[in-house]
Every structure is written in structure tokens, then in C-alpha cells.
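Beneath this line is the structure, given in C-alpha cells, with notes to follow.
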Amino acid sequence: MNQQFLTIYFWCVAGIIISIVLPILRAMLPKPPAVVAAAAVSLWQTVKPFVVVGLFSALTAILIVAFAGDNLHDPKTALLAGYAWDSTLQRMR
């Protein structure tokens, strides 16, 4: 693998990570005290689906970068491609 492929892959995975972290942070926004105690117990159940889809997306990012070829020459484009891919998968589940 060449250096450009690895750089673009890194930015694509970074977009996937952002797509995973945003819903988790949204789920952790302040809630009434009774809900917070219950949420602490079920944090892993909340996070697990996002992590599983994110890991699948990180593997699939190899195909995204290979398929897009020269169209993903910019880190910003790769970041958006990774984010769009993972957020689309999260909506489909």
C-alpha cells in the first residue's frame, strides 16, 4: 500500500469515528437524575451497536478508498465519505 492510500484510509476511518461518537455523546446529554442512574448501568448496551457498526465500517472503508480511487485525494473528502458511509449504515440497522 502506498502512503496516499493509508492517509486517505485514515481520514475515512476518522469520519467513521466521528459518526460513532456523535450519537453516543447525544445519548449522554444531561437527563433527569432518575434516568441518569439507569443510563450508567446500560451505557454499554447504548454504545455497543454503534461500536459494532463502526468496526464493520472501518473494515469496509478499505473498499470505499479502493473503489473511489483518485476521487478521494483530499482528506476532507475522505472524512466526509467515512462519516456518510457509517451514518448511513447506522440508519439502516
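The values are calculated or read from the model by the stated rules, or taken from the named source; none is laboratory data. Predicted model only: the values in this text are computed from it and were never measured. As a convention, Cβ positions derive from the backbone with ideal geometry for all residues, glycine included, and neighbour counts pool all protein chains shown.
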Name the residues in segment 73-90 that are over 12 Å from the mean Cα position of the chain (by Cα) and of a type outside the set (A, V, I, L, M, F, W, C), would you?
His73, Asp74, Pro75, Lys76, Thr77
If you take the residues in segment 65-79 that are closer than 18 Å to Ile20 by Cα and touching a helix residue (DSSP H, G or I) at 6+ places or on another chain (Cβ under 6 Å), which one is surrounded by the most Cβ atoms within 10 Å (Cβ to Cβ)?
Ala78
If we ask which residues in segment 70-79 are within 12 Å of Tyr9 (Cα to Cα) and assigned to a helix (DSSP H, G or I), their number turns out to be 5
Here the qualifying pairs (Cβ atoms under 7 Å; residues six or more apart or on different chains; first in segment 1-22 and closer than 15 Å to Ile62 by Cβ; second buried (at least 22 other Cβ atoms within 10 Å of the Cβ) and among the polar types (S, T, N, Q)) come out as Ile16/Ser57
Meets criteria (among the β-branched types (Val, Ile, Thr), at pLDDT below 80 and either out of contact with any Lys or Arg (no Cβ under 8 Å at 6 or more places or on another chain) or on the phi > 0 side of the Ramachandran plot (or both)) for Thr88
yes
Which residues, counting only those in segment 1-18, are at pLDDT below 85 and part of a helix (DSSP H, G or I)?
Gln3, Gln4, Phe5
